[in-house]
Amino acid sequence: MYGFSIQTQQTLRFLRSGGGTETLEIVASQEPRTRPEVEPLADWALAGTEYKARATLYRVDRGFEFWATDAGRYHVDPENGRIEIPDNGDEIVREQRLWGIPVMLCYIHRGDFPLHAATVELGSGAVLFAAPSKYGKTTLALAFHKHGYRVLSEDLVCCRPGTSCEVLPGPAVVRMRTDVYDGTPPPGTHVVEARSDRIYLGLDDDRKGGSSPVPIKAIVFLREADDLRLERAAPSVAVADLWALNFRLATTEFRARSFQQLTRLAGSVPTWNVYRPLRLSSLEATVALIAEHFDR
């Protein structure tokens, strides 16, 4: 998962088979904790329909502490490949938060970087659908799943820089908004849990695939427009869009490294804009247009 070999005795529902050579240990915290008495690195509203949950990130002696008001405390030790998760509470929410900031801090430490993007495997490589929240990333990825393509990530993607930039597949789950769910899970998925704002669809074992890296074939920025079209995006413009979709700590070192990684990505991978109406009725035509260009 995300290039790690996950070692845990906890219930995790969205793992893929295989993994990397580096071990990431996930354990439940056995002791009550209080928040660190230091200034947080960041504090923000967690994405959701009503934005009620909040997250706070602290730098501590042995790594980081991530606190989510809907899940609890995560102690992240990237140096030793270990994350402590809450030992109680909602297991689905607990796992959802785990695959976000806590694991992200570990693969950033390793040298990889995150982007807000859904990712599907088309032909010989991965195509990233990059966009902020509520731009239809998950809905588009699920539409590709219905056509038999493999979903590698649905909201956050781990990218590995190098001569050939790669995607490291994430959790095998698709979270649908309730207003676009028709009540029946698509073939190859199953309902893990239904909530007031999201339907958690787990990918069936025969559709998950493994965790091996997949080379990035293209990055497609999702744009809203009245008509449907696909156009090349200039790398210089793409860097600014990628910067807005990248998570980084507010330090000079992290900013410099992120900029280098993103400029290398934009310079080595073709970038495109897909303009389309944000309507379900345009979904099939959007899938057909993208597949025609990249399923080769």
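Would you pick out the residues in the range 1-22 that are assigned to a loop (DSSP other than H, G, I, E, B) and buried (at least 18 other Cβ atoms within 10 Å of the Cβ)?
Kept after step one, since they are assigned to a loop (DSSP other than H, G, I, E, B), are these residues of the range 1-22: 1-3, 9-16, 18-21.
Those that are assigned to a loop (DSSP other than H, G, I, E, B) and buried (at least 18 other Cβ atoms within 10 Å of the Cβ): MET1, TYR2, GLY3, PHE14, ARG16, GLY19, GLY20.
Which one of these is under 29 Å from GLU91 (Cβ atoms), of a type in the set (Ser, Thr, Tyr) and surrounded by fewer than 14 Cβ atoms within 10 Å (Cβ to Cβ): SER236, SER196? It would help to see each step written out before you state the result.
On the way: SER236 fails: under 29 Å from GLU91 (Cβ atoms).
Result of the check over SER236, SER196: SER196.
Does THR69 fit the bill of being of a type in the set (Val, Ile, Thr) and modelled with pLDDT under 90? Write out each step before concluding.
Details: of a type in the set (Val, Ile, Thr): yes; modelled with pLDDT under 90: no.
For THR69, the condition - of a type in the set (Val, Ile, Thr) and modelled with pLDDT under 90 - is not met.
Being among the acidic types (Asp, Glu) and more than 16 Å from the chain's Cα centre (by Cα) narrows it down to one of ASP179, ASP155, so name that one. Reasoning before the result, please.
Numbers: ASP155 fails: more than 16 Å from the chain's Cα centre (by Cα).
Residue meeting the stated conditions: ASP179.
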*Restricting attention to the range 227-250, report how many residues are within 21 Å of LEU156 (Cα to Cα), among the polar types (S, T, N, Q) and in a helix (DSSP H, G or I).*
0
*When PRO102 is evaluated against the numbered criteria (1) more than 13 Å from the chain's Cα centre (by Cα); (2) over 25 Å from PHE221 (Cα atoms), which criterion, by number, is the only one it fails?*
(1)
_Whether any residue in the range 248-267 is of a type in the set (Lys, Arg), over 22 Å from SER124 (Cα atoms) and open to solvent by less than 40 Å² (accessible area, probe 1.4 Å) is what I want to check._
no
_Only one of GLU65, GLU84, GLU121, GLU95 that is in contact (Cβ under 8 Å) with a residue 24 or more places away in the chain and part of a helix (DSSP H, G or I)_ = GLU95
*Do you know which residues across the range 74-97 are at pLDDT 95 or above, open to solvent by less than 60 Å² (accessible area, probe 1.4 Å) and within 18 Å of GLN30 (Cβ to Cβ)?*
TYR74, HIS75, VAL76, ASP77, ILE83, GLU84, ILE85
*With respect to the numbered conditions (1) under 20 Å from GLY170 (Cβ atoms); (2) open to solvent by 60 Å² or more (accessible area, probe 1.4 Å); (3) not in a strand (DSSP E or B), which one is the sole condition not fulfilled by GLU25?*
(3)
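Quick one: in the range 111-122, which of the residues that are open to solvent by 10 Å² or more (accessible area, probe 1.4 Å) and touching a strand residue (DSSP E or B) at 6+ places or on another chain (Cβ under 7 Å) is modelled with the highest pLDDT? Spell out the reasoning first.
Of the range 111-122, the ones open to solvent by 10 Å² or more (accessible area, probe 1.4 Å) are 111, 116, 121.
Next, only the ones that are touching a strand residue (DSSP E or B) at 6+ places or on another chain (Cβ under 7 Å) stay: 116, 121.
On the way: HIS116: 93, GLU121: 97.
The residue in question is GLU121.
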*asked:* Looking at ARG33, ARG59 in this structure, which one is over 20 Å from the mean Cα position of the chain (by Cα) and not in a loop (DSSP other than H, G, I, E, B)?
replied: ARG59
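Residues are listed down the side, and each one gets a yes or a no for (1) polar (S, T, N, Q); (2) farther than 17 Å from GLY111 by Cα:
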{"residue": "CYS165", "(1), (2)": "no, no"}
{"residue": "PRO187", "(1), (2)": "no, yes"}
{"residue": "VAL191", "(1), (2)": "no, yes"}
{"residue": "ARG207", "(1), (2)": "no, yes"}
{"residue": "PHE221", "(1), (2)": "no, yes"}
{"residue": "ASP227", "(1), (2)": "no, yes"}
{"residue": "ASP241", "(1), (2)": "no, yes"}
{"residue": "THR252", "(1), (2)": "yes, no"}
*Conditions (1) under 20 Å from ALA172 (Cα atoms); (2) without any contact (Cβ under 8 Å) to a residue 40 or more places away in the chain; number of the one not met by GLY18*: (2)
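Among the candidates THR252, THR263, which residue alone is without any contact (Cβ under 8 Å) to a residue 60 or more places away in the chain and closer than 22 Å to ALA42 by Cα? Can you show your working first?
Working: THR263 fails: closer than 22 Å to ALA42 by Cα.
Criteria check complete, one pass: THR252.
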*Among the residues of the range 218-243, which ones are under 20 Å from the mean Cα position of the chain (by Cα) and under 19 Å from ALA143 (Cα atoms)?*
ALA218, ILE219, VAL220, PHE221, LEU222, ARG223
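Does the range 102-110 contain any residue that is in a loop (DSSP other than H, G, I, E, B), open to solvent by 10 Å² or more (accessible area, probe 1.4 Å) and farther than 30 Å from ALA288 by Cα?
No, the range 102-110 has no match at all.
The values are calculated or read from the model by the stated rules, or taken from the named source; none is laboratory data. All of these numbers come straight from a predicted model, not from anything done at the bench. Cβ coordinates were reconstructed from backbone atoms using ideal geometry, including for glycine residues, and neighbour counts include every protein chain displayed. Ligands, DNA and RNA are excluded from the accessible area calculation, which covers all protein heavy atoms including side chains. Shrake-Rupley method; radii C 1.70, N 1.55, O 1.52, S 1.80 Å.
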